[in-house]
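Participant: Shown below is the structure under consideration.
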Amino acid sequence: MRFASRAISSLALGALVLALPLFCDAYWLDVCVSIGLYTLLALSLNVILGQAGIFHMGHAAFFAVGAYVTAILNTQAHWPIFAVLPAAGAASAVFALAVARPIIHLRGDYLLVVTIGIVEIVRIALLNDMGGLTGGANGVFGIARPVFFGFKIVKSVHFHYLVWGMVGVSLALFHSLWNSRFGRALNCIKEDDIAAECCGVDVARYKLTAFVLGAFWAGAAGTVYAAKMTTIAPESFNFMESVIIFAVVILSGGSQLGILASSFLFIGLPELLREFSSARMLIFGLAMMMMMIWRPQGLLPPGRRRYRIPGLSGAGGEAGG
Amino acid sequence: MELFFQQVLNGFAVGGIYALVALGYTMVYGVLKLINFAHGDLFAIGAYLGLTLLVSCNLAGILPPLFVMPVVFLMVGLLVALIGFLLERAAYRPLRQAHRLSAVVSALGASIFFQNAVMLIYGARFYVYPDFLRPDFTVSVFGHSLSGIRLLVILASIMLMVMLSAFIHRTKTGAAIRAVAIDQDAARLMGINVDKVISLVFLIGPGLGGTAGLMVGLCYGQIDFTMGWSYGLKAFTSAILGGIGNIPGAMLGGLLLGLVESLSAAYVSMAWKDAIAFLALILILIIRPTGILGERAAEKL
């Protein structure tokens, strides 16, 4: 029953997203692409922040590494975009491993400010044209369009399907991750890391793995972003960007549906407020406060984990998250 | 050597400002375990209010010269304190029982709100404190001529910090603040009005932050609406560096960060100074995970 209703709602949502280009003009289609990108980023941050409960406010750094690796490999070494995608993800993952390794044991807010520091360091490094590759404040331009089995992805519609296709794949993967041994271990760490440690969960290693996995996904999202924009600059990866991804995850409550809803709200709302022009960010800030006061637990917190225990009579046992 | 002394002085001046702002972060964190991201913007509001009072309201022309600065400092402090008080009521009190990160997002929203409010009221351009307000004199110390206004900023920030320390450690209200920071429930059982203490902290912290904003205007002359984020982030880093929740830690962290920043700007690279400051933070936290003066709280068992 649960499976069936879940399948139906996923299909309905998928159909809705597929049909979006029919209702949108070019401008709103770009907004949809942007929402898709933020969904990807939020899903990847959710592994770290939502599932493992690590206070990570520096996701834009991993996004930036992915985007810049893409840009550099594509413009300098002329790798096609889809060949760069795994490389960009891997570069972000390696970067995450290197920076997270020494700091992973820091507690809550100390980790939070260190991750903010990482975003700033990455942004300054990019701005100062590190290694003569990042192009300083102007960034890198002339990134090629991706070619998918001979089909060149140029228009917003194409990118819409590319991004949302990736979102679909990510949703499926992260859903099974959530239900895996790994997902349960992360949850356990989030609820109480000392108890987790006592149960034999290698807390530092799981946290590090969550970081690396989230960073890989953010790096891949960076590739798509670079290919869509064809020009990237350090200012696209500032602290504010990290804050928005962070806020999307917190407002979502942690479930996948919540992340979709909260991405639409966060990225769509400023666009809807466009007619207020200069006051729109003011209203946006106010809305952020009001939404949190209205739903402190987030839009859609994930339901309790349910398990079917074979051999048990009745509907099945229940185990708490 | 001349350059070195100049840079140490600059470092202490900017460090004193960081420390004053960091006190607001650390005190709020102490009682609520909340990072008040809007605090940096309250500091920026202080800088703008100071300009308005001095120039548009022409207090500089009305009051006798000797009284201008103390009166303006007091007014800015009080006005920003009032905004901080209202902020806590509106944005944080409803989230007192919620998950900590929900309150953080509310604080981020408040920060965006304030920043854009300042931008809408004053415009997106930067403002300059007029020269006649900024006393330009040098003091000679051990044969080095040092900028007088920077010395004044250092003195003023040290004075405010000493006053705050005395208040926190010598008065009954200060003891109540410390008690709430240690254990809210126990403090409530001892008859302390926790809500009142939290409101008081939201008066003191932003008040100090607002005066720090005025100091930035007087010392560096130029203010803009994004200064809340840049200075706020540094001040918050200072608070963490010293051990968040710890008042002497915030002061030490601020001065240290200011010093690191100005020395690295002079001797390493101007463009990389912010990166070096954050790198220093990361290195110190790797060695001391709870900051320089932060106590190693025993993990619950």
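Participant: Extent of the protein assembly as shown along each principal axis, from alpha carbon coordinates, in Å, largest to smallest?
Facilitator: Result, largest extent first: 80, 61, 47 Å.
Participant: I'd like the distance between the alpha-carbon centres of segment A:123-145 and segment B:236-284, rounded to an integer number of Å.
Facilitator: Segment A:123-145 and segment B:236-284 have Cα centres separated by 27 Å.
Participant: In the structure displayed, which of A:190/B:273; A:207/B:234; A:190/B:172 lie more than 29 Å apart, Cα to Cα?
Facilitator: A:190/B:273; A:190/B:172
Participant: Over all directions, how big on average is the projection of the convex hull of the alpha-carbon atoms in segment B:62-221, in square nanometres?
Facilitator: Hull-based average projected area comes out at 13.0 nm².
Participant: Another question about this same structure. Against the empirical 2.2 N^0.38 Å scaling, what ratio does the C-alpha Rg of segment B:157-301 come to?
Facilitator: 1.19
Participant: Average projected area of the Cα convex hull of segment B:2-287, in nm²?
Facilitator: 16.0
Participant: Could you give the nm distance between label points at residue A:8 and residue B:189, where each point is 7 Å from its Cα heading toward the beta carbon?
Facilitator: Distance between label points: 5.3 nm.
Participant: Using only helices, what value at 222 nm comes out for chain A when you add -39,500 (n - 2.57) per DSSP H run of length 4 or more and divide by the total residues, to the nearest 500 deg cm²/dmol?
Facilitator: Result for chain A: -22500 deg cm²/dmol, rounded to the nearest 500.
Participant: A further question on this structure: Once every DSSP H run of n ≥ 4 in chain B is given -39500 (n - 2.57) and the sum is divided by its residues, what mean residue ellipticity at 222 nm do you get, rounded to the nearest 500 deg cm²/dmol?
Facilitator: Calculated mean residue ellipticity at 222 nm is -24000 deg cm²/dmol.
Participant: Can you pull the semi-axes for segment B:1-153, root of five times each eigenvalue of the Cα gyration tensor, sorted largest first, whole Å?
Facilitator: Working through the eigenvalues yields semi-axes of 33, 21, 14 Å.
Participant: Mind checking which aspartates and glutamates have their Cα closer than 16 Å to the Cα of residue B:33? Skip sequence neighbours fewer than 8 apart in that chain.
Facilitator: Straight-line reach from residue B:33, under 16 Å: A:109, B:88, B:183, B:185, B:195, B:295, B:299.
Participant: Label points 7 Å out from Cα along the Cβ direction at residue B:167 and residue A:107: separation in nm?
Facilitator: 2.7
Any read-out appearing in this document is the output of simple, stated calculations on the displayed coordinates, not a laboratory observation. What you see is a predicted model; the values in this text were computed from it and never measured. Glycine gets a Cβ as well: all are built from the backbone with ideal geometry, and neighbour counts include every protein chain shown.
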